[in-house]
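All remarks here apply to the structure that follows.
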Amino acid sequence: MDRHQTRWQSLWLGGMVLAGLSAVVSGAALADPISGKDAMAMMFAPQGAEVEMQPVDGLTPENAALLGQVVKDYAYYAAVAIVPDADLLKSEATMLVANHHSAEAAAAAALEGCNKANTTATPCVVAAIVRPEKWEPRALQLSVEGTVALQNDYGKRGERAMATSPQTGYFEIAQGPGAQQKALQGCADKGASDCQVVVADAE
């Protein structure tokens, strides 16, 4: 698998299916690409994340603690959605997604997957969010894989660009003449329809 592509992840915990799905992301988008130098300064450390548990009626302290343990090691940005009155360990509607470019995208993806698998009348809710340690809003946010790729593979000379998909978490880095178009095409070839160039340098 291309290392620039976020991985579709799954984890079985009893009957719990945790899977990556695409989603619609909310929040401000960059009006224009920023330089690699500026993008690097906005990145959070790839290691380390914090779990923010959401208030959910009907979620027992024991199950809340279990969810916190499950999601704490998942790559940011991640989220888990559940059916509040279902058996957490047996419900296939319990969904966790990881490696998105924002908490909003991860939450929307988790809800989408949970609602698709939900066979009850109770709507799904987001129970936990995973963000980088010491998170704060920034103009550019990337998944763990996107952050590592930007740091290791973007380069320091020549024409280069990075395109991302807010909905899916996919991304692509390209170098050389036409780098922006190449990055957009590479991102789209992974199955995303919302790719945009977020980082670009002419030299």
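The values are calculated or read from the model by the stated rules, or taken from the named source; none is laboratory data. Note that the coordinates shown come from a computational prediction; the quantities given were computed from them, not determined experimentally. With ideal geometry, Cβ positions are generated from the backbone for all residues, glycine too; neighbour counts draw on all protein chains shown.
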Within the stretch 78-92, of all residues that are among the hydrophobic types (A, V, I, L, M, F, W, C) and over 23 Å from the mean Cα position of the chain (by Cα), the one surrounded by the most Cβ atoms within 10 Å (Cβ to Cβ) is Ala86
For the stretch 167-191, the count of residues that are touching a strand residue (DSSP E or B) at 6+ places or on another chain (Cβ under 6 Å) and aromatic (Phe, Trp, Tyr) equals 1
Out of the stretch 118-147, which residues are outside any strand (DSSP E or B) and buried (at least 17 other Cβ atoms within 10 Å of the Cβ)? Asn118, Cys124, Trp135, Leu140, Gln141, Leu142, Ser143, Val144, Glu145, Gly146, Thr147
Taking the stretch 184-203 and keeping only residues that are within 18 Å of Met40 (Cα to Cα) and either without any contact (Cβ under 8 Å) to a residue 40 or more places away in the chain or in contact with a Ser or Thr (Cβ under 6 Å, 6 or more places away or on another chain) (or both), one is left with Val198, Asp201
Identify, by number, the condition in (1) polar (S, T, N, Q); (2) at pLDDT below 95; (3) over 23 Å from Leu66 (Cα atoms) that Thr120 doesn't meet. (3)
Checking Ala109 against (1) surrounded by fewer than 22 Cβ atoms within 10 Å (Cβ to Cβ); (2) hydrophobic (A, V, I, L, M, F, W, C); (3) more than 17 Å from Phe44 (Cα to Cα), only one condition comes out false. Which one? (1)
Within the stretch 167-203, track down each residue that is hydrophobic (A, V, I, L, M, F, W, C) and not in a loop (DSSP other than H, G, I, E, B). Phe171, Ile173, Ala174, Ala179, Ala183, Leu184, Cys187, Ala188, Val197, Val198, Val199, Ala200
Selection from the stretch 113-170 of residues that are closer than 30 Å to Asp57 by Cα, more than 15 Å from the chain's Cα centre (by Cα) and polar (S, T, N, Q): Asn115, Asn118, Thr119, Thr120, Thr122
Just the residues that are more than 18 Å from the chain's Cα centre (by Cα) and buried (at least 16 other Cβ atoms within 10 Å of the Cβ), please, taken from the stretch 185-198. Gly186
Give the stretch 57-72 a look and list any residue that's closer than 12 Å to Asp87 by Cβ and either of a type in the set (Gly, Ala, Ser) or touching a Cys at 6+ places or on another chain (Cβ under 8 Å) (or both), or say none. Gly58
Take the conditions closer than 19 Å to Phe44 by Cα and either surrounded by fewer than 17 Cβ atoms within 10 Å (Cβ to Cβ) or at pLDDT below 95 (or both) and apply them to Tyr170. Does it pass? no
Among the residues of the stretch 76-88, write down those that are over 11 Å from Met53 (Cβ atoms) and out of contact with any Asp or Glu (no Cβ under 7 Å at 6 or more places or on another chain). Tyr76, Tyr77, Ala78, Ala79, Ala81, Ile82, Val83, Asp85, Ala86, Asp87, Leu88
If the Cβ limit is 7 Å and pairs must be 6+ apart or interchain, which residue in the stretch 27-50 that is closer than 13 Å to Ala161 by Cα and among the small types (Gly, Ala, Ser) pairs with which residue that is loosely packed, with under 13 Cβ neighbours inside 10 Å and at pLDDT 95 or above? none
Kindly establish whether Gly158 is assigned to a loop (DSSP other than H, G, I, E, B), surrounded by fewer than 22 Cβ atoms within 10 Å (Cβ to Cβ) and in contact (Cβ under 8 Å) with a residue 40 or more places away in the chain. yes
